[in-house]
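Only one structure is covered here, and it is reproduced in the block below.
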Amino acid sequence: MSLKHVLGQQHAVNILLNEIQTKTVKHSYIFYGVKGVGKKYTAKEFAKSLLCQNQNGGYSCDTCEDCIKISDNIHPDVVLVDFDFQQQLLQKQQKSVSISIDTIRYIKQFCSLTRYSGAYKIIIIDQAETLQRDAANSLLKLLEEPPQNCIIILITTSLGLLPKTIVSRAELIKFFPLNKDILSQILPFNKISSTILGSVEEHKYIEQIEKIEIDFNSLTEIQSCCERISQDKEFSEYFLVWLTENFLLPKFEILSEWDKILDEVENYIKQFRFNINYQILLETFLLRIALLCNKNIL
Ligand SMILES: [Zn+2]
């Protein structure tokens with residue numbers, strides 16, 4: 001696997017390859033776009049390209065010690081910050097659902113350590129939209145005065161969920177929803193899909209989602225479906241994104257329409273984070289989808 005194997009994100013890959021080849025790699029990036037389109041996977045492949053001992057034209061070799069260690073998540077110069085990592089780092093009993101200032105303090109310390117392989121220290125922060133306020137402020141300071149040869153990649157579903165001050169400090173790289181052909185290439189292979197889609201849990205969600213049938217013409221059907229799904233908040237949010245990618249977006253062909261829809265979906269996701277009545281929110285979303293698809297208006 002290398003950047004060659006990232007599917008459906010040629011736009012993002014071309015930008016990264018070009019920066020490696022022209023030695024214009026930035027200190028900080030934000031990879032943004034709906035869930036499950038390969039942002040985290042691309043970030044790891046980018047890290048490999050940057051640290052690979054036999055890098056060729058921006059592509060990693062996948063066989064050197066650095067590449068293998070990054071694949072196995074044990075490279076001393078690369079850290080992937082997610083909730084699992086944080087739980088282990090802070091030795092908490094329970095997994096948190098936001099990134100705390102203690103984790104950012106660790107990252108600062110990590111940046112100041114001597115590099116093992118000589119090129120860069122790379123920090124990938126998954127679900128950056130969950131940064132607690134003091135953690136975001138602390139990270140901002142790091143982005144304002146980036147340590148030499150440190151690269152920070154933030155991963156998020158939406159730029160609107162991050163503080164503007166952070167967004168303005170990074171190069172923004174958009175990841176587009178995957179089309180059906182690419183999804184069908186990914187989905188039959190459990191192992192690959194779990195890597196590309198970010199986690200095995202998300203793959204489980206897809207199996208769960210495939211069992212759901214919704215009749216958009218029946219209000220009672222929509223209500224009972226939402227009642228079932230909304231029992232699990234995380235699944236509800238994933239369902240909302242999945243429905244957008246697989247049902248709503250394919251009905252529209254023009255990219256500017258996609259942008260409008262994605263903006264609207266981002267708003268729903270924001271509301272999810274602050275709203276405890278997921279059922280009503282889901283119902284509103286599904287009714288909105290029904291309206292958009294039948295009348296084709298925004
Ligand atoms: Zn290599």
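Values in this text are rule-based calculations from the coordinates and carry no lab data. Bear in mind that the values here come from a model prediction, so they are computed numbers and not experimental data. Glycine gets a Cβ as well: all are built from the backbone with ideal geometry, and neighbour counts include every protein chain shown.
For segment 74-136, the alpha carbon convex hull comes to 84 Å³ per residue, rounded to a whole number. Computed over segment 3-177, relative contact order equals 33 percent, with contacts defined as Cα pairs under 8 Å that lie 6+ residues apart. Legend: residue pairs K174/K211; K108/K270; K69/K121, Cα-Cα distance threshold 25 Å; pairs beyond threshold, K174/K211; K108/K270. Sparse packing (at most 11 other Cβ atoms within 10 Å of the Cβ) combined with a DSSP loop state is found for the following trypsin sites (Lys or Arg not before Pro) in segment 1-110: K23, K95. Each listed q (0.19, 0.25 Å⁻¹) maps to a log10 I(q)/I(0) for segment 27-102, found by the Debye formula over equal Cα scatterers with no solvent: -0.92, -1.17.
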